[in-house]
Amino acid sequence: HTCALLAVLLTIIMPSKKKKKSSRGKARKGSNSKKKEAAAQEGTPDKQMERLNIDDDTEVALLDEAIKLATAEEEALESRAIEEEKSSTIVSRQSRTIQCYHGYVPGEDHFIIDNFVKTFLSGFNSLGGETYVGEHINVAHQATREQHPEVGNDYCKMKLVLSLFLFQGTQAVLEGRIGIGDARSFAAVAFYLEDYITFCYEDEANDVFDAVKQLELLIADQHTLVKYLRKNIPCSCLDEKYKQVKSITKMGFCCNENCSLPSRMVERSTMLYCTRC
Ligand SMILES: [Zn+2]
Ligand SMILES: [Zn+2]
């Protein structure tokens, strides 16, 4: 009887023990298979490898296609960048940093003006530093006459060209680029263009091109440079800069070929400065 009871008890206990064990085992198995299932859905490396093995050629072809697409995209981006560089204008190239156009009003013929200025500048900068400033201007003018005759013969367009040079000069000063090739060149060209526009469209009798003043701007001290630009822009963007540089002694260029002064530069206030006889 006891044996039978024991047997019953055992059958009750044992299966439960077994059940526990097996259920634990099942649970482990279950979580394992769940992991596998999830992995299969995600496409584990194992699975991918399997697929690669199964359909190697297709995979390689797809990979090739992907590389081709990426290369094509890269090339498209590159050529777009080149196009943008080509079509980018002086103002748009700097637009991230500019807050004011300093009197330049880009209109519909924005690109024409821009190209004229670019051509003029590359002509102006193409000669070595030793050359007489008038030579730079001649070369620059010749280049624009050939490439952009529609601008040189148009009063309104030339006025825009002038204000684009003043914009560039002002912007260069504000950004600390005051050397030759930067603010000083822009100012010297702007000054020349003023004379040119006056002569061509406003007063034919006024054919005096002040080459000394052009040169003085090209090699100007900061006071002379900032004063000239500030006087010719309608905004107050250079007011602060002018306060900083107005104590610098203004220098002028001596016209005496046998002048003994260094670089023939003289304190402006001591000069007999003829603005126009
Ligand atoms: Zn301004
Ligand atoms: Zn002298």
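Values computed for the structure shown
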| read-out | value |
| --- | --- |
| Å² of accessible area per residue within segment 194-240, as computed with a 1.4 Å probe and no ligands counted | 48 |
| Between segment 108-157 and segment 218-249, the alpha-carbon center distance in angstrom | 25 |
| R0 of 25 Å, Cβ-Cβ distance ALA211-ARG177: FRET efficiency to nearest 0.05 | 0.55 |
| LYS68-ARG145 FRET efficiency (beta carbon distance; Förster radius 41 Å; 0.05 resolution) | 0.30 |
| Anisotropy class of segment 204-277 from Cα gyration tensor, a/c 1.5 cut | oblate |
| Relative contact order of segment 105-199, defined on C-alpha pairs under 8 angstrom at six or more residues apart (%) | 25 |
| Potential extension, ALA81-VAL60 segment - 0.36 nm per residue separation minus Cα distance | 4.4 nm |
| Zone residues, segment 147-169, relative to CYS100, backbone N less than 20 Å from point 7 Å out along Cα-to-Cβ | 160-169 |
| Accessible carbon and sulfur surface of segment 173-277 relative to its total accessible area, %, 1.4 Å | 51 |
| Using a Förster distance of 25 Å, the FRET efficiency for LYS159-GLU108 (Cβ separation, nearest 0.05) | 0.95 |
| Segment 101-248: mean projected area of Cα convex hull, nm² | 8.5 |
| Under 5 Å, built H, 5+ apart or other chain: amide partners of GLY252 | VAL266, GLU267, ARG268 |
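The values are calculated or read from the model by the stated rules, or taken from the named source; none is laboratory data. Nothing here was measured: the structure is a model prediction, and the numbers come from that model. Reconstructed Cβ throughout: ideal geometry from the backbone, glycine too, with neighbour counts over all protein chains shown. Keep in mind that these areas ignore ligands, DNA and RNA; they rest on the heavy atoms of the full protein, side chains included. Shrake-Rupley method; radii C 1.70, N 1.55, O 1.52, S 1.80 Å.
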